[in-house]
Amino acid sequence: MAMIYCRECGYRHSDKAKACPKCGYVSNETLTSRANKLVNGKSIVVYLLLAWFLGVFGAHRFYAGKMETAWIMFLMTTVGFLLVVPVFISAIWALVDLIIGICNIGTPENIFNK
C-alpha cells in the first residue's frame, strides 16, 4: 500500500482509497489506464499511432469510423502525389488530428464518437 497526497487538500492517504477521507475528493484514474480504455473496442493509442505513421492516408480516421473524411484524406494523398498542395494539406490535417488526439488522450470517447 502506497501513500499518496490528495490533489485538492494535500492530505496523505492510501492509494487504494477511492476518495480522500478528509475532503472527499474523488481521485481519477491514472493517465495510462485512461489512455488504454477502449471505446467501442477501439484504443486511443492505436489511433495516435495510425495518425503518426499513416495519417496522410487517413488511416486513423478509418479506424475512428469517420469514413467520409477518411476517404477525402486518402484521395487527396493518393491522387495528390501529382500535385504537392493536396498532400501538404492532408499532412497538416493529419498533424492537427494527432494533436487533438493527444489532447483527448484521457477522454477517447471524444475521438471515437461522430
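The values are calculated or read from the model by the stated rules, or taken from the named source; none is laboratory data. Worth saying up front: this structure is predicted, and the values here are computed from it rather than measured. Positions of Cβ are generated from backbone atoms using ideal geometry, with glycine treated the same way; all protein chains shown enter the neighbour counts.
Residues in the stretch 3-36 that are in a loop (DSSP other than H, G, I, E, B), within 30 Å of Phe112 (Cα to Cα) and modelled with pLDDT under 80: Arg7, Lys18, Ser27, Asn28, Glu29, Thr30, Asn36. Say we look at the stretch 49-84 and pick out the residues that are within 13 Å of Leu98 (Cα to Cα) and in contact (Cβ under 8 Å) with a residue 40 or more places away in the chain; which of these is surrounded by the fewest Cβ atoms within 10 Å (Cβ to Cβ)? Out of the qualifying residues, it is Trp52.
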